[in-house]
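Here's the structure, in structure tokens; my notes come after.
The values are calculated or read from the model by the stated rules, or taken from the named source; none is laboratory data. Since the model is a prediction, treat every value here as computed from it, not as a measurement. Backbone-built Cβ (ideal geometry, glycine too); neighbour counts: all protein chains shown. What goes into the accessible areas is simple: the full protein's heavy atoms, side chains included, and nothing from ligands, DNA or RNA. Shrake-Rupley method; radii C 1.70, N 1.55, O 1.52, S 1.80 Å.
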Amino acid sequence: MIRIEGLTKEYAGNAVVRDVSMEIEAATITVIVGTSGSGKSTFLRMINRLVEPTKGVVEIDGTDTREMKAYELRRRIGYAIQDHGLFPHWTVARNIATVPKLLGWDRKKIDARVHELLELLQLDPDEIAPRYPHQLSGGQAQRVGVARALAARPDMLLMDEPFGALDPVIRAKAQTDLKSIQDRLGSTILLVTHDMAEAIRLGDRIAVMSEGRVEQLAPPAEILTHPASDNVRNLVGDDDRPFRYLSLIPVSERTEEGTAEGTPIAADRSLYDALAEMIWSGREVLPVVGEDGSARGLVRRGALLDAARSVA
Amino acid sequence: MIPRPDKLGAPMGALLAVALALPLASYRANRIALAEARGLFEALPAVWAAALLACAVATIAVALFVRPPAIRLAVPALTLLLLLIAIGVAARMLMANGADYARVAPGTGFWLAGFALSILITDAIVRLKPGPFLRLGVFALAAAAIAAILVTGEWNALSILAEYRGHAATFWREGAHHLQLAFGSLAAAIAAGVPIGILIHRSERLKGPVLSTLSLIQTIPSIALFGMLIVPLSWVAANVPGASEIGIRGIGMAPAFVALFLYSLLPMVANTAAGLSGVSPSVTEAAAGMGLTSRQRLISVELPLALPVILTGVRIVLVQNIGLTTIAALIGGGGFGTFVFQGLGQTATDLILLGALPTVALAFAAAVVLDAVIDVLPGAKA
Amino acid sequence: MSRPFVFLLRLALVALVLAFLFVPEAFRPLLEPFAPVGAPAIYDRASLLDLTISHLLIVVAAIVPATLISVALAILVSRPIGAEFLPLSRAIVNIGQTFPPVAVLALAVPVVGFGTWPTLIALFLYGLLPIFENTLAGLTGLQPAVAEAAKGTGMTGRQRLFQVELPLALPVILEGVRISLVIALSTATIGSTVAAKGLGEVIIAGLNSNNLAFVLQGGLLTGALAVILYDGLGEISRMTAARS
Ligand SMILES: Nc1ncnc2c1ncn2[C@@H]1O[C@H](COP(=O)(O)OP(=O)(O)O)[C@@H](O)[C@H]1O
Ligand SMILES: [Mg+2]
């Protein structure tokens with residue numbers, strides 16, 4: 001667990017991060033979202049002490065980070081950034097091995113770990129491991145960056161706009177992949193983005209930052225239904241809010257008894273997907289099926305619209 | 001409480017303190033006699049020595065503990081000015097009780113103090129982050145101060161000026177030769193280099209071979225190139241009608257001019273090409289979109305935008321040529337090198353200085369002025 | 001030009017230089033037409049091989065310490081403790097490079113006398129500048145994302161310097177060494193005017209006695225050495241740069 005208390009950074013008397021406090025549970029994704037210049041990166045970088053806080057405390061599992069050497073702290077925290085920052089003179093394998101080598105792991109263990117991580121990130125180890133960064137595509141380089149951050153099984157992962165340089169299609173895939181990796185490994189992730197859609201898709205909780213302050217820290221649904229301030233409301237975008245909200249709720253939550261005609265929708269898809277299906281196929285009711293294909297009931301358009309209206 | 005001393009001020013202050021203890025001037029009974037050291041108080045009237053000492057102490061204090069760059073500039077600058085005048089006073093005083101052919105030159109203390117003060121001044125100027133006009137202003141002021149000292153005859157008793165009086169006529173003639181060679185070859189290099197640069201910018205195929213040939217030429221040691229050019233130029237002089245009438249000869253200015261021209265080509269060509277390829281494609285495309293012909297684009301868009309980089313090439317060439325022209329003296333091409341090599345031949349330090357100091361000053365002036373011009377240009381690096 | 005052709009050209013040049021150094025007599029017929037009647041066509045006051053070796057030794061003796069010291073200085077001013085000196089050191093290098101190498105050489109003579117020393121000092125001082133400038137450019141020109149990653153992965157300052165910054169700056173540093181070497185080779189030639197032992201002696205003897213054969217052999221030899229060195233180092237720095 002990470003406990004942050006009154007974290008503040010001032011440059012020449014100007015506070016760019018002001019008195020931020022939060023607790024981050026293990027095995028969750030917390031997304032920091034805000035406009036550019038709102039202090040997100042500075043906040044993130046204070047956690048691994050790339051920026052020294054002016055005031056405040058960061059505790060990891062009860063230990064004050066100021067009591068550790070900065071470089072030792074950083075070896076325990078994975079860090080992935082937008083331009084991946086792979087070392088251009090090292091192969092992919094050597095890049096991923098950076099922290100294990102610094103920690104003095106033996107070679108066999110390192111090799112096995114590199115292999116395992118490349119497979120986890122769906123990169124062919126034999127093909128990719130010996131390459132140099134300039135021989136990778138943008139998406140591959142980004143994955144290698146994440147693999148390097150995960151290499152030494154860190155206590156937590158800090159990610160600063162990790163998908164910022166990717167095109168929309170690869171970006172969406174990278175987001176789902178990150179989510180499934182997090183599910184499998186149970187990692188604790190703190191991720192920075194300026195994209196609210198990304199925040200809603202990935203976050204267990206979202207912290208909205210504005211002018212150095214956290215204006216709201218809440219699960220995505222609550223951010224959508226009860227934005228704490230105009231800033232948060234603007235960031236969500238009034239027009240999109242109902243749709244964003246629908247995308248968070250699984251079909252199973254609004255499933256009713258009964259049967260209906262036509263192609264069914266899976267119970268774990270979102271209400272947003274169900275609405276899209278209704279619009280495309282011109283139906284008012286969809287049959288719902290479980291993972292095994294068994295009938296679960298139906299979902300009505302009226303129920304969807306009611307759910308969406310509850311955001312307003 | 002005493003504040004923490006400045007990191008640069010401490011070593012430079014120490015250097016200045018050491019310099020004060022070293023001989024300010026050196027005295028020789030004649031031009032080639034052994035030098036005898038003269039300390040601060042032996043070389044100067046007591047008032048002058050005390051004044052210089054006071055200024056130096058003030059400078060050390062400022063260097064150690066004062067922050068504002070303006071003061072860090074003014075105090076060492078005043079001390080340097082005083083030092084420059086004092087060395088003339090010292091020479092007059094030492095000469096007064098010596099024979100006519102005695103020589104007085106600045107001693108190690110003078111040079112060391114001058115060095116420490118120059119570093120402090122440079123540091124203060126850098127901390128002021130001066131724009132081009134301020135830099136030019138400071139430079140003009142320094143040049144004017146030295147000119148004033150020279151014109152008023154303050155330094156007349158110094159040995160280097162005694163040497164100058166012995167060579168007054170040739171000094172200005174060789175100076176003119178030096179400038180002719182340096183600027184003439186620069187002009188020729190601009191005339192040839194800019195078109196070649198445009199050409200290789202447009203033809204990727206020519207670029208590699210042209211640039212590698214020109215950089216190979218640059219690697220050839222200067223004496224070797226100057227010397228080897230004697231062979232073809234002697235042949236031209238002997239066999240091409242009219243060539244010797246226009247002054248082409250195996251030795252002298254002609255091979256020097258050709259060698260300097262060849263050395264100058266690389267910076268001119270490479271910088272022209274680099275400047276042109278640095279012009280953003282969106283700008284040239286916009287110009288093309290508005291219907292400018294390729295020639296109009298070149299003249300009114302590309303070349304003006306490339307100008308700062310091209311001028312950087314000119315700066316490199318000019319500084320390089322002013323230095324290299326010194327070598328021309330070895331093949332009878334004249335210039336300040338004449339004094340340097342004569343001085344080396346006769347072991348006459350003053351004669352070496354008479355050739356080397358103006359060369360250094362010219363190269364420095366060219367660099368300062370051209371740097372300022374490049375910064376003033378619109379579109380120069382911010 | 002194709003690579004095998006360039007390779008053959010290099011090989012031929014090296015072979016030619018070696019042949020000329022070990023059996024200069026074989027080249028007499030080529031040079032004879034340029035010598036005045038009755039004068040020797042091959043330099044005879046010292047062995048060309050000895051002169052070449054001593055020429056190269058002076059260059060190496062100056063550039064090796066110049067490299068070590070300027071790389072060390074550049075590292076120093078690019079660390080936080082030396083950061084205060086960074087702008088000043090840049091200014092000094094800029095000013096220093098306007099000093100013509102010949103002037104530096106000539107000004108060293110009054111201080112240390114004639115012989116090898118003034119040449120060594122001039123070569124050393126002048127050699128510092130390009131290497132310092134390039135090392136600094138290499139160390140400060142690190143991509144921000146790479147610098148951030150190096151810190152973020154928990155490398156100590158020393159690990160960052162030796163594992164990331166220096167290896168990535170290496171091609172630029174080598175380019176600086178290459179520039180310094182070429183200047184040093186050229187300035188060492190002028191060193192003969194202050195009685196340093198080197199190939200300039202042959203050219204200057206030729207100029208003084210109107211013996212073009214001397215001028216040509218000295219000129220071609222120093223020219224060829226410079227080209228071989230420049231080209232060879234270029235190849236090495238290309239190899240180190242291949243990946244970044
Ligand atoms: N080293 C620094 N010195 C001064 N100001 C800084 C520094 N780093 C960041 N800032 C300022 O702090 C503010 C927040 O920056 P940052 O944390 O990078 O924002 P974000 O990541 O949200 O875009 C910006 O206004 C930025 O200019
Ligand atoms: Mg940011």
Original post:
Are any residues in the stretch B:331-382 at the interface with chain C (Cβ under 8 Å from one of its Cβ atoms), among the β-branched types (V, I, T) and under 28 Å from B:R249 (Cα atoms), and if so, which ones?
Top reply: B:I331, B:V340, B:I352, B:T359
**OP:** Only residues that are closer than 15 Å to C:R10 by Cβ and open to solvent by 20 Å² or more (accessible area, probe 1.4 Å): list them for the stretch B:216-227, please.
**Re:** B:L216
**OP:** Go through the residues of the stretch C:6-14 one by one and say whether even a single one is within 13 Å of another protein chain (Cβ to nearest Cβ), open to solvent by 50 Å² or more (accessible area, probe 1.4 Å) and of a type in the set (D, E, K, R).
**Re:** yes
Original post:
For the stretch A:208-231, does any single residue satisfy the condition of being aliphatic (A, V, I, L, M), more than 30 Å from A:P154 (Cα to Cα) and open to solvent by less than 10 Å² (accessible area, probe 1.4 Å)?
Top reply: yes
**OP:** Return yes or no: is B:I251 in the same structural domain as B:A270 (by TED's automatic domain parsing), open to solvent by 20 Å² or more (accessible area, probe 1.4 Å) and either among the aromatic types (F, W, Y) or outside any helix (DSSP H, G or I) (or both)?
**Re:** yes
Original post:
touching a helix residue (DSSP H, G or I) at 6+ places or on another chain (Cβ under 8 Å), open to solvent by less than 90 Å² (accessible area, probe 1.4 Å) and without any contact (Cβ under 8 Å) to a residue 40 or more places away in the chain: does that describe A:G262?
Top reply: yes
Original post:
Just checking, which of C:G154, C:G176, C:G198, C:G219 is crowded, with 19+ Cβ neighbours inside 10 Å and within 14 Å of chain A (Cβ to nearest Cβ)?
Top reply: C:G154
Original post:
For the stretch A:127-141, how many residues meet the condition of being under 22 Å from A:T176 (Cβ atoms) and open to solvent by less than 20 Å² (accessible area, probe 1.4 Å)?
Top reply: 3
Subject >> Members of the stretch A:151-178 that are more than 16 Å from ligand 1 (Cβ to nearest atom), buried (at least 22 other Cβ atoms within 10 Å of the Cβ) and either within 12 Å of chain C (Cβ to nearest Cβ) or part of a loop (DSSP other than H, G, I, E, B) (or both) >> reply: A:A151, A:A152, A:L157
Original post:
Mind checking whether some residue in the stretch B:52-61 is over 17 Å from B:I160 (Cα atoms) and part of a loop (DSSP other than H, G, I, E, B)?
Top reply: no
Original post:
Within the stretch A:109-126, can one find any residue that is open to solvent by 10 Å² or more (accessible area, probe 1.4 Å), within 16 Å of ligand 1 (Cβ to nearest atom) and either within 14 Å of chain C (Cβ to nearest Cβ) or at pLDDT 95 or above (or both)?
Top reply: no
**OP:** Scan the stretch A:79-89 and give yes if some residue there is over 24 Å from the mean Cα position of the chain (by Cα), away from ligand 1 (no atom under 16 Å from the Cβ) and open to solvent by 10 Å² or more (accessible area, probe 1.4 Å), otherwise no.
**Re:** yes
Original post:
Of all helices (runs of 4 or more DSSP H) completely enclosed by the stretch B:255-328, which ones contain at least 3 residues that are within 14 Å of chain C (Cβ to nearest Cβ) and open to solvent by less than 20 Å² (accessible area, probe 1.4 Å)?
Top reply: B:303-328
Original post:
Taking the stretch A:30-68 as the region of interest, how many residues are open to solvent by 20 Å² or more (accessible area, probe 1.4 Å), more than 14 Å from chain C (Cβ to nearest Cβ) and within 16 Å of ligand 2 (Cβ to nearest atom)?
Top reply: 3
Subject >> Positions within the stretch A:93-108 being away from chain C (no Cβ under 12 Å) and among the hydrophobic types (A, V, I, L, M, F, W, C), in sequence order >> reply: A:A93, A:W105
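Per-residue answers, yes or no, for (1) assigned by TED's automatic domain parsing to the domain that holds B:L83; (2) farther than 23 Å from B:V75 by Cβ; (3) assigned to a helix (DSSP H, G or I); (4) open to solvent by less than 30 Å² (accessible area, probe 1.4 Å):
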| residue | (1), (2), (3), (4) |
| --- | --- |
| B:F110 | yes, no, yes, yes |
| B:A113 | yes, no, yes, yes |
| B:S118 | yes, no, yes, no |
| B:I125 | yes, no, yes, no |
| B:L134 | yes, no, yes, no |
| B:F139 | yes, no, yes, no |
| B:I146 | yes, no, yes, no |
| B:W155 | yes, yes, no, no |
Original post:
Does the stretch A:90-112 include one or more residues that are in contact with a strand residue (DSSP E or B) (Cβ under 6 Å, 6 or more places away or on another chain), touching a residue at least 12 places away in the same chain (Cβ under 8 Å) and of a type in the set (A, V, I, L, M, F, W, C)?
Top reply: no
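Every residue, every condition in (1) among the basic types (K, R); (2) touching a residue at least 60 places away in the same chain (Cβ under 8 Å); (3) farther than 30 Å from C:R238 by Cβ; (4) not assigned by the TED database to the domain that holds A:V16, yes or no:
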position: A:E52; (1), (2), (3), (4): no, no, yes, no
position: A:I60; (1), (2), (3), (4): no, yes, yes, no
position: A:E127; (1), (2), (3), (4): no, no, no, no
position: A:G138; (1), (2), (3), (4): no, no, no, no
Original post:
Of the numbered conditions (1) among the aliphatic types (A, V, I, L, M); (2) within 12 Å of chain A (Cβ to nearest Cβ); (3) under 29 Å from the mean Cα position of the chain (by Cα), C:V146 satisfies every one except a single condition; which is it?
Top reply: (3)
**OP:** Could you tell me which of the residues A:S281, A:S229 is assigned by the TED database to the domain that holds A:Y11, more than 19 Å from the chain's Cα centre (by Cα) and modelled with pLDDT of 85 or more?
**Re:** A:S229
